[in-house]
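What follows is one structure encoded as structure tokens, with my remarks underneath.
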Amino acid sequence: TRVAVRMVEAAVAMDVQAWQFLLILCTIMLLLGTVLEGLSIVLIIVPLVLPLFGPLDINPIQFAIVVVISIEIAMLTPPVGLNLFVLSGVTNAPVNEVIRGVLPFLALMILLLIAVTFLPDLSLWLPDFVLG
């Protein structure tokens, strides 16, 4: 169906910046996270956006970190929020109480996602240091 090729053409035609694309992608992943589990989101998103890395100059390591953080946030958001149900089962606490306990950490993870999306050096300094 050439969806990935059409996405590349559209992104180049609209002159989309890397941070804009990552912001849109984060929003899509967070919305998908409310109805799907993490592996499904990865299997849907990654093949579609992989061809955009070159034209948009997106580092694959930064993208992977953004995906992991987005998926973890998605795993903490209802109604699917698998990690909420795991925590509820482990602690024998109702899901509502678990959600209230997770909210501060969820807010911090959203701030981290925003920081990693807008500041690629934040997620790339260690790989750059190690790999040279």
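How about the range 14-40: which of its residues are farther than 18 Å from ILE110 by Cα and either open to solvent by less than 70 Å² (accessible area, probe 1.4 Å) or over 13 Å from the mean Cα position of the chain (by Cα) (or both)?
MET14, ASP15, VAL16, GLN17, ALA18, VAL35, LEU36, SER40
Search the range 76-132 for residues being hydroxyl-bearing (Ser, Thr, Tyr) and in contact (Cβ under 8 Å) with a residue 12 or more places away in the chain, and hand back the single one that is surrounded by the most Cβ atoms within 10 Å (Cβ to Cβ). Reasoning before the result, please.
Within the range 76-132, the subset hydroxyl-bearing (Ser, Thr, Tyr) is 77, 88, 91, 117, 123.
Pick out the ones that are also in contact (Cβ under 8 Å) with a residue 12 or more places away in the chain and you get 77, 117, 123.
On the way: THR77: 17, THR117: 23, SER123: 20.
Among residues in the range 76-132 that are hydroxyl-bearing (Ser, Thr, Tyr) and in contact (Cβ under 8 Å) with a residue 12 or more places away in the chain, the one surrounded by the most Cβ atoms within 10 Å (Cβ to Cβ) is THR117.
Taking the range 53-98 as the region of interest, how many residues are closer than 26 Å to SER123 by Cβ, among the polar types (S, T, N, Q) and not in a helix (DSSP H, G or I)?
2
The values are calculated or read from the model by the stated rules, or taken from the named source; none is laboratory data. Quick caveat, the model's predicted, so the values are computed rather than measured. Glycine also receives a Cβ, built like all others from the backbone with ideal geometry; neighbour counts cover every protein chain displayed. Only protein heavy atoms, including side chains, enter the accessible area calculation; ligands, DNA and RNA are left aside. Shrake-Rupley method; radii C 1.70, N 1.55, O 1.52, S 1.80 Å.
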